[in-house]
1. List every residue pair whose Cβ atoms lie under 8 Å apart, where the two residues are 6 or more positions apart in sequence or sit on different chains, the first residue falls within the stretch 180-201 and is at positive phi, and the second residue, located anywhere, is within 12 Å of ligand 2 (Cβ to nearest atom).
2. Scanning for something out of contact with any strand residue (DSSP E or B) (no Cβ under 7 Å at 6 or more places or on another chain) and more than 23 Å from residue 91 (Cα to Cα), does the stretch 45-66 turn up at least one residue?
3. In this structure, does residue 136 turn out to be more than 12 Å from ligand 2 (Cβ to nearest atom) and either buried (at least 17 other Cβ atoms within 10 Å of the Cβ) or more than 20 Å from residue 236 (Cβ to Cβ) (or both)?
4. For residues that are within 15 Å of ligand 2 (Cβ to nearest atom), under 25 Å from residue 129 (Cβ atoms) and in a strand (DSSP E or B), tally how many sit in the stretch 52-69.
5. Considering only the stretch 176-214, state which residues are within 20 Å of residue 61 (Cα to Cα) and within 16 Å of ligand 2 (Cβ to nearest atom).
6. With the structure loaded, tell me whether residue 143 is more than 14 Å from ligand 2 (Cβ to nearest atom) and part of a helix (DSSP H, G or I) or whether it fails that test.
7. Please enumerate the residues belonging to the stretch 225-240 that are within 15 Å of ligand 1 (Cβ to nearest atom) and either assigned to a strand (DSSP E or B) or surrounded by fewer than 19 Cβ atoms within 10 Å (Cβ to Cβ) (or both).
8. Scanning for something modelled with pLDDT of 95 or more, exposed (fewer than 15 other Cβ atoms within 10 Å of the Cβ) and on the phi > 0 side of the Ramachandran plot, does the stretch 157-165 turn up at least one residue?
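The values are calculated or read from the model by the stated rules, or taken from the named source; none is laboratory data. Quick caveat: nothing in here was measured; it's all calculated off a predicted structure. Neighbour counts are summed over all protein chains in view; Cβ atoms, including those assigned to glycine, are modelled from backbone coordinates with ideal geometry.
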Ligand code: BO1
Ligand code: ZN
């Protein structure tokens, strides 16, 4: 495939012209990420608490060149959005955060990418600031180190086994979240993605954040797409 980047000639400004499959990256009108202005978010009484039923899951870790992802299988559980089930397919990290809140950018953003049986996508996004350690990440420390150490030995995209991860932390905390309709934040920038951004900011240490980006080549350690225009969209807010 076409190699896109985050700076220079293959950077975000050029994504739309790198491949005919990427035209939405420049021509799309409902793109992600965005700045979430909390004062303009609209309370939606019809929204429900984000119901997630992830089970402890046997996952693999893959270096996608532009991020590090955990891959889940069909039995790992799902999130329910507007009554429809979206199965967890993969999760990955961006640093610094792609979404901002009232102009504030955070250290790391976790994207949990889900698909419905009819191919629709919803992402649950969790923002992190530097602080105390995130226990979820203890479970993948060793595999991250292994991925970093492998260097040229492993083919990019070859999955490494992680084993069973406990999903308790990632099932919790959606008493308050923002929802809006946007796109994938990386090529092909496909629209129709339902974004759910948790309102509660979590913490991880600087070392944990660095470990998440360490296997990536230099320029990909800053894998955040610039903010995209809102173009009249409203951000909805659920509070418990
Ligand atoms: S993100 O969560 O908006 N940063 C994002 C960006 C790009 C993708 C996924 C999430 N890419 C897509 C690929 C599909 C693939 C899917 C799931 O990821 O375009 O081919 O099936 O891994
Ligand atoms: Zn992402």
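1. These pairs meet every condition: 189/183; 192/121; 192/183.
2. Yes, the conditions are met somewhere in the stretch 45-66.
3. It is true that residue 136 is more than 12 Å from ligand 2 (Cβ to nearest atom) and either buried (at least 17 other Cβ atoms within 10 Å of the Cβ) or more than 20 Å from residue 236 (Cβ to Cβ) (or both).
4. The qualifying residues number 2.
5. 186, 209, 212, 213, listed by residue number.
6. yes
7. Residues satisfying the conditions are 226, 227.
8. For the stretch 157-165, residues modelled with pLDDT of 95 or more, exposed (fewer than 15 other Cβ atoms within 10 Å of the Cβ) and on the phi > 0 side of the Ramachandran plot: present.
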